[in-house]
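For reference, the structure is listed below as structure tokens.
Please treat every number below as a calculation from the coordinates, not as lab data. In this text, all values refer to a predicted model and were calculated from it rather than measured experimentally. Every residue, glycine as well, gets a Cβ built from its backbone with ideal geometry; the counts of neighbours run over all protein chains shown.
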Amino acid sequence: MVSYSPYLFTDRYTVSASAGGSINLTQSFPTLAATQDFKVLISASGNGPSFYGVDIPLTLDSLVLDTIAGIYPHATPINMHGTLDVLGNATSTVSFTSLPPSLVGQSVYLATIAGPAGQLPEYSSAAIRVEMTP
């Protein structure tokens, strides 16, 4: 079942395609998820759900598959995957640079997952929509 618990918070919901920009993300999972692995996933197709251990509110597309593998096209990731702290929290930043003009008016959707190392995730956040502006 898709979680309606946010778990993922952002400081902005738009990125300029021409100027680029950074989005700061905060993951705040329940303390039961403390010290588990997390990944921030991105979809260009919308908000699913797709099943990957838990229902993830992203449409399964090549971008989701790339970000599950740790590949973030058109972006410079900082801590987009790792281990949650002892409170179940983490911070991440994704910087978008040199975005193709064709992305103006398009949106990407972000969600974060967490689970025991090497296993399928047990937690999934609600999706966040980020729009690409001129």
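By how many nm would the segment from E131 to S5 grow when fully extended, if each residue of separation counts as 0.36 nm and the alpha-carbon distance is taken off?
Difference between extended and current length: 43.2 nm.
Taking the Cβ-Cβ separation of S18 and D55 as r and a Förster radius of 35 Å, what is the calculated FRET efficiency to the nearest 0.05? Working shown, then result.
Numbers: r = 36 Å, r/R0 = 1.01.
Computed FRET efficiency for S18 and D55: 0.50.
Give me the compactness ratio for the chain, meaning the Cα radius of gyration over 2.2 N^0.38 Å.
With N residues counted in the chain, Rg over 2.2 N^0.38 Å equals 0.98.
Hey, in the GNM for the chain with a 10 angstrom Cα cutoff, which one of V40, V15, V104 fluctuates hardest?
Of the options given, V104 has the highest mean-square fluctuation.
Under a crude label model (7 Å from the Cα following the beta-carbon direction), how far is T35 from T76 in nanometres?
3.4 nm
Compactness ratio of region 51-109: Cα Rg over 2.2 N^0.38 Å, N = residue count?
1.30
With each pseudo-label sitting 7 Å past Cα toward Cβ, what's the L120-V104 distance in nm, one decimal?
4.3 nm
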